[in-house]
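A.B. asks: A single structure is presented below for examination.
The values are calculated or read from the model by the stated rules, or taken from the named source; none is laboratory data. Keep in mind the model is a prediction, meaning the values are calculated, not measured. We place every Cβ from the backbone using ideal geometry, glycine too, and count neighbours over all the protein chains shown. Remember, those area values only see protein heavy atoms, side chains included, never the ligands or the DNA or RNA. Shrake-Rupley method; radii C 1.70, N 1.55, O 1.52, S 1.80 Å.
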Amino acid sequence: MPELNDWSTSRLLTTAARIVEHSWNEKLLGIGITHAGLTTLGVLEREGTLTGVRLAQLVHVQAQTVGRTLDRLEKRGLVTRLRNSADRRSQRITITSAGLKALERAKNIENELMAEDGLASEDLRNRLKTVIIELGPKKD
């Protein structure tokens, strides 16, 4: 694809990310989650119960985006959302035992895909981490 030589680095990176995510979503479909769901479940497993706002921050998406992902995960019984009695707008989100099982299956699929697609390269991982650190939100 010679036209790729004319693309900016940002266009190459976002296109590659979309292609990888699409590939993962096809494989994850069998367990009923998307890559966004995998990411969300992974954060909940690592961090424990979180508010929707904090979860969105940790996933690096807008609250509305994480809300749609949570709707799908909740319908499948993979997370629970409890409203805060003092502030009905606030929710506490927790991964369920079914969510932990789905996450384990999803991690296995992700690991297989990373190996198959050559995405397990430490050099590639380190370069991507550098991009995220340099362009991501700065800690105060």
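A.B. asks: Could you run through segment 22-36 and say how many residues are part of a helix (DSSP H, G or I) and surrounded by 15 or more Cβ atoms within 10 Å (Cβ to Cβ)?
C.D. replies: Number of matching residues: 8.
A.B. asks: Has segment 37-51 got at least one residue that is loosely packed, with under 13 Cβ neighbours inside 10 Å, at pLDDT 90 or above, over 26 Å from Leu135 (Cβ atoms) and among the charged types (D, E, K, R)?
C.D. replies: The answer is no, given that none of the residues of segment 37-51 is loosely packed, with under 13 Cβ neighbours inside 10 Å, at pLDDT 90 or above, over 26 Å from Leu135 (Cβ atoms) and among the charged types (D, E, K, R).
A.B. asks: I would also like to ask the following. State whether one or more residues within segment 92-103 are of a type in the set (S, T, N, Q) and modelled with pLDDT under 95.
C.D. replies: no
A.B. asks: Another one. If you go through segment 31-63, how many residues are without any contact (Cβ under 8 Å) to a residue 40 or more places away in the chain, of a type outside the set (D, E, K, R) and within 23 Å of Met114 (Cβ to Cβ)?
C.D. replies: Residues in segment 31-63 being without any contact (Cβ under 8 Å) to a residue 40 or more places away in the chain, of a type outside the set (D, E, K, R) and within 23 Å of Met114 (Cβ to Cβ): 9 in total.
A.B. asks: If the requirement is being surrounded by 12 or more Cβ atoms within 10 Å (Cβ to Cβ), modelled with pLDDT under 90 and of a type outside the set (Ser, Thr, Tyr), which of these qualifies: Ala56, Ala63?
C.D. replies: From the options Ala56, Ala63, the qualifying one is Ala63.
A.B. asks: Can you tell me which of (1) open to solvent by less than 70 Å² (accessible area, probe 1.4 Å); (2) at pLDDT 85 or above is the one Ala120 doesn't meet?
C.D. replies: (2) is the only condition that Ala120 fails.
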